[in-house]
Amino acid sequence: MADEPAGSAQLVYDAAQEILSGTIGNLPPFWMKAYSGGSRGHRAGVNPKLAARYLYAHAGALSSHFANTRTIEDSHGNYQQRGGTLPAGHYACHYVAHHPHFGECIQLARAADAAAIYSPFSPFPIPHGRKNDFFIHGSGPKGSDGCIVPAIDAERRRLNLAVKQFHGGVVLLVKNVSYQLPAELEGQFA
């Protein structure tokens, strides 16, 4: 890959199918099961006390699949609600060698089209209220509040290496995302 010319590569995360795919340079294509939001992607075998603390039971809730479901914690840092799926749009992928919580991972820098909900039923973008601090990282005790967590760690590490060594920009497109409409949120949407 050292002789590869600079260019761009695209990954796609299909939130409805929970599939992360794409091609980077001349490497074999990526196609992997990956989770986003609602504590999905947590490490298997976590004890019941941690499962309750990190709201694993909410992983199947409809709200955990909405990209505008925010993470809510009480004043002691206890989860009241887990964040939903990564919002739709484009993200620049940046390799991170040593993140304090995730270790080696890929940071996702949101582009303008991922900053709001674009609906054919609204003449203007609707803010989704999600932070801009998302990553592609390995499983852990908490799982995901919107980050992408590949199911197979060897494929995640292969993706990390590909992004690290690629001599151009890697862009992630997130598609097939659901949102809860502002009227349905009963005042929770700001």
In nm, to one decimal, how far is the modelled label at S178 from the one at A51, with both set 7 Å along Cα→Cβ?
2.4 nm
Angle between the Cα long axis of helix 153-165 and the longest principal axis of the chain, 0 to 90 degrees, nearest 10?
60 degrees
Percentage relative contact order, the chain, counting C-alpha pairs under 8 Å, at least six apart
31 percent
Under 8 Å for C-alpha pairs, at least 6 residues apart: give me the relative contact order for the stretch 25-94, rounded to a whole percent.
31 percent
Point-charge dipole on Cβ atoms (K/R +1, D/E -1) for the stretch 8-182, about Cα centre, debye to 20:
240 debye
Theoretical gain in end-to-end length, I19 to F121 [0.36 nm per residue, Cα-Cα removed]:
33.9 nm
Descending principal axes extents, the stretch 13-85, alpha-carbon based, whole Å
48, 29, 20
Set of lysines with alpha-carbon distance to K164 below 26 Å, sequence-local pairs under 8 removed
K33, K131, K142, K175
Compute the Rg/Rh shape ratio of the stretch 85-140: radius of gyration over Kirkwood radius, all on alpha-carbon atoms.
1.08
Using a simple spin-label model with points 7 Å from Cα along the Cα→Cβ vector, what separation in nm is obtained for A112 and V12?
2.4 nm
Cα principal axis extents for the stretch 57-177, largest first, Å
41, 37, 24
Once you've got the GNM for the chain with C-alpha springs shorter than 10 Å, pick whichever of G25, G38, G138 has the biggest mean-square fluctuation.
G25
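Values in this text are rule-based calculations from the coordinates and carry no lab data. Treat the numbers as computed from the prediction; the structure is a model and nothing was measured. So basically every Cβ, Gly included, is an ideal-geometry build from the backbone, and we count neighbours across all protein chains shown.
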